[in-house]
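One structure below.
Laboratory data are not the source of any read-out in this text; all were calculated from the coordinates shown. Just so you know, these numbers come straight off a predicted model, no measurement behind them. All Cβ positions, even for glycine, are placed from backbone atoms using ideal geometry, and neighbour counts span all protein chains on display.
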Amino acid sequence: MPFKIIITTLIAILLTACGTPSPTEIVTKETKPPVVIETYNSAPDISGKYSLSQGVYSYGSISKEIIASTLVIEKLDSDDFGFYYSAKVTKLSPDNYFGIFHYKDGKFYNRVLETNTTTSLEDNIELIKDDEKIKLTVHTTTGKRIIIWKQKVKSNLVDTQELEDALKEAKSNYIQIYKERFEGFTKI
């Protein structure tokens, strides 16, 4: 009988000791600072000149390969990047695009001009910067455009005169419509 009492007492002491924290554990748990996970509030620097790695236009069930494209991005402020680019699909004239990418809450948005001084953010793009490449997906009302560019440092940035002309037009439009007015835009 005394043997059963001793074993029961030991088990009770063991269980009680395991379940109750020691005074040093309580102090340690209460005084430890919380773990902070750092997020990036400022935009990664995406400025630079880029040439086509690969790309495609998709409209419904039709997909067309982009055979040439050049992208130029310049930093306007800590969260805004002006851009212009041209893109060519086989047997078609190059198209040109321009505007501002705005960084907010960990992602890029398309900053669209509404009036002479007001802009809005559209969530119709996905912009990913990876090492020396940029991937841009643009969702349009009729489909989407996906282009991957690699950073280029050579002075000869474009493949053909036709593409160079489209890029010059995109640059001119970008400067007139966005860059020259940027300082007057209402802050987002």
What pairs from Lys150/Lys187; Lys104/Lys168; Lys150/Lys171; Lys91/Lys129; Lys88/Lys187; Lys64/Lys104 go past 27 Å between their alpha carbons?
Lys150/Lys187; Lys104/Lys168; Lys91/Lys129; Lys88/Lys187; Lys64/Lys104
Full-extension gain between Glu122 and Gln161, please, as 0.36 nm times their residue separation minus the C-alpha to C-alpha distance.
10.8 nm
Using the per-residue mean of other Cβ atoms lying within 10 Å as a proxy for protection, in what order, highest first, do the peptides 114-122, 172-180, 142-150 fall?
142-150, 172-180, 114-122
So between Lys104 and Glu183, what do we pick up on full extension, going 0.36 nm a residue minus the alpha carbon distance?
26.6 nm
Compute the normalised compactness of the stretch 97-188: alpha-carbon radius of gyration over 2.2 N^0.38 Å, N being the residue count.
1.20
Indicate the gyration tensor shape class of the stretch 98-145 (rounded, prolate or oblate), computed on the Cα atoms with a ≥ b ≥ c the square roots of the eigenvalues: a/c under 1.5 is rounded; otherwise a/b larger than b/c is prolate and the rest oblate.
oblate
What aspartates and glutamates could a cross-link reach from Lys152, if we take a straight Cα to Cα line under 16 Å and drop same-chain neighbours fewer than 8 places away?
Asp45, Glu74, Asp130, Asp131, Glu132, Glu164
